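Comments concern the structure below.
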């Protein structure tokens, strides 16, 4: 069997970028959907299998981190076989939209099921991307050394009482850029920059690691308080491993800003690729992701809340948490504000 030059180039690109694919080759058949995904959750396997069962459309999947996907899509250009692109966080979705990697979609199903603040704002032209699950940016703290009322808002993390106690991941990580982008939208540039500057002064250590590392730092006492996406904590809470249970036993957590703006929310979302060869199948897949069955997969599989608020879940961690006041700022605005967020971080030397 001989490979064409194009097939050899694709294989080389996959190897070079560290991208893995669940199928041996990409197809442009109407019965196949080419999915580029920055989601790396094993529980999504059931999601894809159910779509194929319902529609008969097979999924060729390429997984990589966001930067690798951006580079691949740029290099492929108009010849890209990508039909659907899945990404996490408003900052990444907005970046992909601005770079022209998505095309607008007009769908009555998506417009009726996905709330307006969880999709891009493209009046009259259709949305370029849709959020299909949400996650909260919560505060975790060491219950032996920190009082809840000293850290119950994002703003209080910058108070002098928390000097030497705060841990976060890199300020330039999209999760942090989106949080700061939301603060910029809510409070303006001057207040947001003052907050970021005070946060730098309150750090227990130089920002590093992922969200699970922040939780572990709080449990060990290295940090007094930290920020994390909710599903990282839910994973530890649902774990049966003794070491994970030991971590959970030493920390507490809360929904920030319940008396004011509400807890910062973000999304995992999807879009139809700019040059999708199978657009009909791509739109079907996005509409499937908004279905009750798919929304439950997001919640029960990866501890995320459904974007479709009417969907009931059976996730013990999410059910235990109950309801809380959510921030209602447009995800599209949060993504756009990452430019201002990064400039603020640079000025205050937030690493």
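Each value in this text was obtained by applying a stated rule to the coordinates, not by laboratory testing. In this text the structure is predicted, and so the values were computed from the model without any measurement. Cβ atoms come from the backbone with ideal geometry, glycine included; neighbour counts cover every protein chain shown.
Taking 0.36 nm per residue of separation and subtracting the current Cα-Cα distance, fully stretching the chain between residue 189 and residue 159 would add 9.0 nm.
Which shape class, rounded, prolate or oblate, goes with region 177-235 when its Cα gyration tensor gives a ≥ b ≥ c as root eigenvalues, a/c under 1.5 marks rounded, and past that a/b bigger than b/c marks prolate?
Details: a/c = 3.08, a/b = 1.55, b/c = 1.98.
Note, shape of region 177-235 comes out oblate.
Is the C-alpha gyration tensor of the chain telling us rounded, prolate or oblate? Criteria: a/c under 1.5 is rounded; beyond that, a/b larger than b/c is prolate, otherwise oblate. Could you put the intermediate results ahead of the total?
Details: a/c = 1.75, a/b = 1.65, b/c = 1.06.
Judged from the Cα gyration tensor, the chain comes out prolate (a/c at least 1.5, a/b above b/c).
Compute the Cα gyration tensor for region 52-132, then decide on rounded, prolate or oblate, letting a ≥ b ≥ c be the square roots of its eigenvalues: rounded whenever a/c is under 1.5, prolate when a/b is larger than b/c in the other cases, and oblate in all that remain. Oblate.
Give the peptides 265-277, 32-44 in descending order of average Cβ contacts within 10 Å, highest first. All intermediate terms of the calculation are to be shown ahead of the outcome.
Details: 265-277: 24.2, 32-44: 19.6.
Descending packing order for the listed peptides: 265-277, 32-44.
To the nearest ten degrees, helix 66-76 and the longest principal axis of the Cα atoms of the chain are 30 degrees apart. Considering all projection directions equally, how large on average is the shadow of the alpha-carbon convex hull of region 78-212, in square nanometres? So the mean shadow area of the Cα hull is 10.9 nm².
Packing, taken as the mean count of other beta carbons within 10 Å per residue, orders the peptides 308-318, 75-85, 51-61 from highest to lowest as 75-85, 51-61, 308-318. Taking 234, 281, 259 as the candidate residues, the one with maximal mean-square fluctuation in a Gaussian network model of the chain, Cα springs under 10 Å, is 259. Per-residue extension of 0.36 nm, minus the Cα-Cα distance of residue 150 and residue 172, leaves a gain of 5.4 nm for this segment. Note on region 143-218: Cα-only Rg and Dmax are 12.2, 35 Å. On a 0 to 90 degree scale, rounded to 10, what angle separates helix 189-201 from the longest Cα axis of the chain? For helix 189-201, the angle is close to 70 degrees.
Across 148, 333, 282, mean-square fluctuation computed from a Gaussian network of the chain (C-alpha pairs under 10 Å connected) peaks at 148.
Separation of region 205-261 and region 30-47, taken as the distance between their Cα centroids, equals 28 angstrom. Within the listed set 187, 107, 323, the residue fluctuating most in the Gaussian network model of the chain (springs between alpha-carbon atoms under 10 angstrom) is 323. Rounded to the nearest 10 degrees, the inclination of helix 5-17 to the longest alpha-carbon principal axis of the chain is 10 degrees. Its alpha carbons give region 267-351 an Rg and a Dmax of 17.3, 47 Å.
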